[in-house]
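One structure below.
Here, each number is a calculation from the coordinates, and none is a lab measurement. The shown structure was predicted, so the numbers you read here are calculated from the model rather than taken from an experiment. Cβ coordinates were reconstructed from backbone atoms using ideal geometry, including for glycine residues, and neighbour counts include every protein chain displayed.
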Ligand SMILES: C[S@@+](CC[C@H](N)C(=O)[O-])C[C@H]1O[C@@H](n2cnc3c(N)ncnc32)[C@H](O)[C@@H]1O
Ligand code: SF4
């Protein structure tokens, strides 16, 4: 068992700074002004440090360990303020240990899901520190999905991204994406998911993975799996990719190939997963299910298949009425009963020994999970820089070529649809769709501007759809 130590807050006095002291450590490093945010803490820290007549005093440190035998996390606070944080840390560790069994180990930390940093890890402690110093006054995103390209070798029946494609707009350059990654990390994002299109079609994909500050965030990827050669797997791993989700749309190989319109696509995707596993990557399956898949047992068969292949996790999305499926009929969507069935499957399989860990959208975006992530803990960016609430919501709140990410995020939070939380996926909510989605003209390029004043912005997508009536004037 390896114990990791983290210096959370140390203050130094007598260094000639205006305040007569300087703070360092994870809490001081969160781009939150500690002196303004917690003036009592900083005054007390300076006084104590002076009284002790020492140049520097550690106020808080953490010793954290993941015990491979018991599969439990332990934490011990150190420093002058340790007694103040003991209870809070005990509660945090209890919550982590109750979450379930770890599905893998990564640099001596436990991985509980492919979407969260390992525990302990520098990026997990950075995230925890951010939450601690920031408080709850401003909700900040923890996950972003970046559509690094719209290009794809497939043309899937259900593709959520198909209507973002445009021959007239220019995809973000390598440098622009690196800037986006920095801004996302500064906003507190700890899970950066590269998606597409097919992200492996971007030649600079390894540079984009390398651009993620691995002390702050996971680099994850969604892929159709067709390009996963041994060489690419090795390069992805070397660049620091944390996890990859490979798409399988049906347990029946011929049905998967039909839905993805590609011969032999199922076999290639499964082989790609096996290569990625052999190459030491954390691998998940990403699938989506409709009512018949739940009722005819295929959702459960997909979990069994994930177990046979040996992947770490499976994410089961609902069929979301978006992209090519934007005009889907109600009966093609999951009913509440179907969702309950999926939640039962998730419980049943997560209680079993061994992998895969099962995540269902039905649970995680529902009332007993975290609720809708969109504009709450997540944003999505199209290949052209439009910032949307999630992968599946075709509304944009601004473009990164026009404004900072923080400004666009705040606009999203101020919008009537996103200023309160939702305990279900908004894109499956008939009321939300009636208000914000059904009015989007059928023939336009997506995403659609969420507020009228965006039409005046230089990179509003509707500006680029030449001749669109809403843009004129
Ligand atoms: C848009 S794809 C992009 C990455 C890659 N090309 C792939 O196919 O995995 C990301 C994930 O979203 C899922 N997805 C796409 N459209 C969807 C929809 N309408 N409902 C549910 N999931 C969807 C895909 O199946 C895939 O697992
Ligand atoms: S779902 Fe993925 S693989 Fe299929 S067309 Fe869309 S981007 Fe391409």
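Starting with the highest mean, order 222-229, 250-257 by the number of other Cβ atoms within 10 Å, averaged over the residues of each peptide.
Working: 222-229: 22.0, 250-257: 16.5.
Packing proxy ranking, top to bottom: 222-229, 250-257.
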Contact order normalised by length for the chain, with contacts defined as Cα pairs under 8 Å and 6 or more residues apart; what percent is it? 12 percent
Per residue and in Å³, how big is the convex hull formed by the alpha-carbon atoms of the chain? 155 Å³
Using every pair of alpha-carbon atoms in segment 355-410, split the distances into 10 Å bins beginning at 0 and state the percent of pairs per bin, rounded to integers. 23, 42, 24, 10, 1
Distance in nm between pseudo-label sites at residue 404 and residue 368 (7 Å out along the Cβ direction from Cα): 4.2 nm
So if we plug the beta-carbon distance of residue 239 and residue 134 into 1/(1 + (r/R0)^6) with R0 = 35 Å, what FRET efficiency do we get, rounded to 0.05? 0.70
Once both axes come from the Cα atoms, what is the angle between helix 39-51 and the longest principal axis of the chain, in degrees from 0 to 90, rounded to 10? 30 degrees
Using R₀ = 45 Å, calculate the FRET efficiency as 1/(1 + (r/R₀)^6) where r is the Cβ-Cβ separation of residue 98 and residue 207; round to 0.05. 0.70
Calculated P(r) of segment 137-199 - Cα pairs past 16 Å, %: 52 percent
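What length, rounded to one decimal in nm, is gained on full extension from residue 86 through to residue 186, with 0.36 nm per residue of separation minus their alpha-carbon distance?
Value of the extension gain: 33.2 nm.
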At q = 0.20, 0.24 Å⁻¹, base-10 log of I(q)/I(0) for segment 333-450 (Debye sum, equal scatterers on each alpha carbon): -1.08, -1.33
Go through 436-445, 23-32 and give me the packing order, highest mean Cβ count within 10 Å leading. 23-32, 436-445
P(r) over all Cα-Cα pairs of segment 192-248, 5 Å bins from 0 to the longest distance, whole percent per bin, short to long, reads 4, 21, 34, 28, 10, 3, 0
Taking the highest mean first, how do the peptides 274-281, 33-40 order by number of other beta carbon atoms within 10 angstrom per residue? 274-281, 33-40
What distance in nm separates the simple spin-label points at residue 70 and residue 154, each placed 7 Å from Cα in the Cβ direction? 4.4 nm
For the pair residue 231 and residue 332, how long in nm is the line joining their label points, each one 7 Å along Cα→Cβ? 4.0 nm
Using alpha-carbon pairs under 8 Å, 6+ residues apart, how would you state the relative contact order of segment 252-367 in percent? 25 percent
Two decimals is fine: what is log10 I(q)/I(0) at q = 0.11, 0.18, 0.25 Å⁻¹ for segment 250-319, from a Debye sum with one equal scatterer on every Cα and no solvent? -0.26, -0.69, -1.22
Using distinct alpha-carbon pairs, which all enter the 1/r mean, Kirkwood radius of segment 191-305 in Å: 14.7 Å
Starting from the alpha-carbon convex hull of segment 238-359, give the projected area averaged over all orientations, in nm². 8.3 nm²
By the C-alpha gyration tensor axes a ≥ b ≥ c (rounded if a/c is under 1.5, else prolate when a/b exceeds b/c, else oblate), the shape of segment 102-160 is oblate
Using alpha-carbon positions, the gyration tensor of segment 24-155 gives root eigenvalues a ≥ b ≥ c; with a/c under 1.5 called rounded, otherwise prolate if a/b exceeds b/c, else oblate, the class is oblate
Relative contact order of segment 56-207, defined on C-alpha pairs under 8 angstrom at six or more residues apart (%): 20 percent
